[in-house]
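The values are calculated or read from the model by the stated rules, or taken from the named source; none is laboratory data. Since we're looking at a predicted model, the values are computed, not measured. With ideal geometry, Cβ positions are generated from the backbone for all residues, glycine too; neighbour counts draw on all protein chains shown.
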């Protein structure tokens, strides 16, 4: 079983307008509301692959209830901890004439220590050998050290820990041998306090994560594709061609598809190819992929074995 944790989920409100002028009413030409949050998205992706998951996290107010209901409608089991306040609404405004997008991201509710303890208690009950995927930002009141607490529980309980979050505390989790980390260029640079613009440098620092305890790293390179690094091999996959519409959920799709394919018995190479294809499909549309075009996109992707790493 795969469990996802989204501690700071959101409703994303997408608006399109012909112009955005201060101090006047700007009417939209298009709008859409989507339940969001990195772990939530992974659960949605796994559901499309026919894989069950359980969604954990914090939920507040009617906005949190909306996300819980969306998961239930997709037949995804959710077990969120309810907290006071309001799950955040983020706003994305696309201005047609300027070909510009404005992003307004809110902090989320304050989550008290008792609610955090309740979430940790749920994680304690996960069975040995199951997978826990912790993704995204933290709400107010949550110290990044909660990530280390979760890593310690997973190590002690024999739970495979997957992490996709930008906090530097991820480095402190390496001692607990996480199953997989999914950083991008910006996150790797932040973690190690270096400016890593060159691909070779990015791979070198991803290898450091492996040498210091992580079992494997799925390095997202955005429009350049992705790299899988573990203790045996480095696999590099290019990204297919297409018109990028929205990259917000592409990384979640990449990770969810990779995990799902591996769970279904696919090879590392095939899992990476399908993950890049699905992530690109999401980037080429307004919402999460429906997998209708991933086979065609996968035909543009070549997985190369870069270097033995023994």
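Of everything in region 271-291, what is more than 21 Å from residue 184 (Cα to Cα) and touching a helix residue (DSSP H, G or I) at 6+ places or on another chain (Cβ under 8 Å)? Give them in sequence order. Those that are more than 21 Å from residue 184 (Cα to Cα) and touching a helix residue (DSSP H, G or I) at 6+ places or on another chain (Cβ under 8 Å): 290, 291. Considering the conditions (1) touching a helix residue (DSSP H, G or I) at 6+ places or on another chain (Cβ under 8 Å); (2) farther than 30 Å from residue 16 by Cβ; (3) surrounded by fewer than 20 Cβ atoms within 10 Å (Cβ to Cβ); (4) touching a residue at least 24 places away in the same chain (Cβ under 8 Å), residue 217 is excluded by exactly one of them, (3).
Residue by residue, here is whether (1) assigned to a strand (DSSP E or B); (2) more than 18 Å from residue 263 (Cβ to Cβ); (3) touching a strand residue (DSSP E or B) at 6+ places or on another chain (Cβ under 9 Å) holds:
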{"site": "12", "(1), (2), (3)": "yes, yes, yes"}
{"site": "32", "(1), (2), (3)": "yes, yes, yes"}
{"site": "62", "(1), (2), (3)": "no, yes, no"}
{"site": "66", "(1), (2), (3)": "no, yes, yes"}
{"site": "82", "(1), (2), (3)": "yes, yes, yes"}
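The one condition from (1) closer than 26 Å to residue 1 by Cα; (2) touching a residue at least 24 places away in the same chain (Cβ under 8 Å) that residue 267 does not meet is (2). A count restricted to region 140-157 and to residues that are out of contact with any strand residue (DSSP E or B) (no Cβ under 9 Å at 6 or more places or on another chain) and not in a helix (DSSP H, G or I) stands at 2. Inspection of region 104-113 identifies no residue that is assigned to a helix (DSSP H, G or I), closer than 15 Å to residue 11 by Cβ and touching a residue at least 12 places away in the same chain (Cβ under 8 Å). Looking at region 179-196, can you tell me whether even one residue there is at pLDDT below 95, within 19 Å of residue 56 (Cβ to Cβ) and assigned to a loop (DSSP other than H, G, I, E, B)? No - not one qualifying residue is present in region 179-196. If we scan region 288-298, do we find a residue that is touching a residue at least 40 places away in the same chain (Cβ under 8 Å) and loosely packed, with under 15 Cβ neighbours inside 10 Å? Looking for residues that are touching a residue at least 40 places away in the same chain (Cβ under 8 Å) and loosely packed, with under 15 Cβ neighbours inside 10 Å, one finds at least one in region 288-298, hence yes.
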